[in-house]
Amino acid sequence: MKEVKAYIKTIKQAAVIEELHKIEGLTGVTILPVKSGFGRERREDALVHIVDNTVDFVPHVKLEVICRDDLAQAVVEAILKGAHTGLREDGKIYVSPIEDAVRISTNERGDKAV
């Protein structure tokens, strides 16, 4: 199993969800509102804002998808297609292995639990 985490622009959430719905066998996605603090390109006045405790955070959406190994690339491609604008701050995608999953209601494990 794989976990795909993506941080995308809030305005691209519907487009990404639409693309994810096209993936046969995908069982779901968790969506969380998040705020992004800063990336690689920090403003020179960022330290002043931090000292004044007025850091400008940008609202984003975090998507979490746990899926079978064979669906991970399709999930990444769907997120790329739905979230891409070509502008800075389009977001990031991370893919990690998942050791196990357990469905609490049935005690199913592994892929069956997802």
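No lab work stands behind these numbers, since they all come straight from the coordinates. Computed from a prediction, not measured in an experiment: that's the story for all the values here. Please note: Cβ atoms are built from the backbone with ideal geometry, for glycine as well, and neighbour counts cover all protein chains shown.
Structure data summary
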| item | result |
| --- | --- |
| Built amide H within the under 5 Å cut-off of residue 84, gap 5+ | none |
| Packing-based ranking, highest mean first, of 1-10, 82-91 given that Cβ atoms within 10 Å are counted | 1-10, 82-91 |
| Residue-wise HN-Hα coupling along the stretch 60-72, computed from phi with Karplus coefficients 6.51, -1.76, 1.60 (Hz; x: Gly, Pro) | 9, 10, 9, 9, 10, 10, 9, 8, 5, 3, 6, 9, 4 |
| Most to least packed among 24-32, 101-109 [average Cβ atoms within 10 Å] | 24-32, 101-109 |
